[in-house]
Amino acid sequence: MSKNLNTKLRLGALPAFDAAARHLNFRRAAQELSLTQSAVAQRVRELETQLGVKIFHRLPRGLALTHAGQRFHEQIALALGNIDKAVRDASHDPADTTLSLSVPPSFAAKWLMPRLASFRHAHPEWQLRVHASEGLSNLHQDGIDLAIRQGYGQHDAGLKAIWLTGLERIAVCSPGYREHLGERLDRLDMRGCVLIEDSHQGWHTFAAHFSGLEKADRLWVNHTSLAIDAALADQGIALTPRLMAAEGIAKGQLVTLCGLPDQGQGFYLVYPGARAHQAEQIMLPWLRQQLGLSHET
């Protein structure tokens with residue numbers, strides 16, 4: 001980067017750069033910051049001019065950090081995190097025992113919500129606030145303490161991700177739907193079936209595991225929880241992480257047709273260093289107990 005900056009960096013441009021670097025997209029960064037897309041792009045351009053280096057490659061679909069931009073973001077993310085920690089520490093009320101947890105909507109609906117009474121029983125001193133969101137909140141700035149996210153555990157600088165459990169995707173349908181289609185489903189032949197597609201579009205990903213996918217009908221929904229609900233209502237076959245369908249399977253409302261190859265993804269508890277105590281001493285042991293896992297880190 002340029003060694004001689006003739007003007008002071010515009011500090012207001014740094015959050016715009018941070019958001020753009022995390023999302024690799026000006027539009028999504030603008031949505032996070034409640035700015036216009038052009039305002040975010042303009043602040044990034046001003047920052048590049050002041051630094052004297054290019055920090056993003058502009059691509060047809062989104063952005064990519066340059067090598068200089070990657071190094072710069074690692075430091076800026078840490079700096080913004082330290083600022084946020086300082087603000088929180090300065091305004092912290094020792095009596096405040098609120099814990100904010102961001103989770104994917106389907107995980108919240110199908111796994112977390114039925115277990116919240118257990119959390120309250122185990123930790124009556126904590127008030128848990130659940131925020132259901134597909135996108136990873138900015139844990140440095142959004143007032144979110146912890147997050148549970150699906151993926152490969154790769155997150156921003158300054159965040160720690162602890163593996164909770166694998167996805168273990170399965171194909172499920174109602175007993176009535178399975179009986180109606182009979183031996184065809186035993187052979188995993190999807191011709192004439194209704195395949196329920198959620199935002200992950202897993203049927204395409206696992207096409208080699210089934211036959212006749214090109215001759216199947218589709219029902220499109222935007223959340224895995226809705227796909228499971230549709231399967232419960234005899235509407236077709238859904239692909240879902242096993243833990244989200246576990247209750248329906250245990251009650252005999254869903255049947256498993258097959259398990260699918262592991263792709264290395266899982267659910268992770270994600271948190272900044274400033275929230276290590278809440279994550280590792282409060283939330284993590286409870287999550288592992290609910291998942292039937294060892295308490296080892």
Quiz prompt | Every residue from region 53-63 that is outside any loop (DSSP other than H, G, I, E, B) and more than 13 Å from residue 22 (Cβ to Cβ) | solution = 57, 58, 59
Quiz item: Right, residue 70: surrounded by 14 or more Cβ atoms within 10 Å (Cβ to Cβ), modelled with pLDDT of 90 or more and not hydrophobic (A, V, I, L, M, F, W, C) or not?
Solution: no
Exercise. Within region 30-47, work out how many residues are at pLDDT 90 or above, acidic (Asp, Glu) and under 17 Å from residue 62 (Cβ atoms).
Key: 0
Quiz item: Among (1) without any contact (Cβ under 8 Å) to a residue 40 or more places away in the chain; (2) surrounded by 15 or more Cβ atoms within 10 Å (Cβ to Cβ), which single condition is residue 49 missing?
Solution: (2)
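The values are calculated or read from the model by the stated rules, or taken from the named source; none is laboratory data. On a predicted model such as this, the values are computed, not experimentally measured, just so you know. Glycine also receives a Cβ, built like all others from the backbone with ideal geometry; neighbour counts cover every protein chain displayed.
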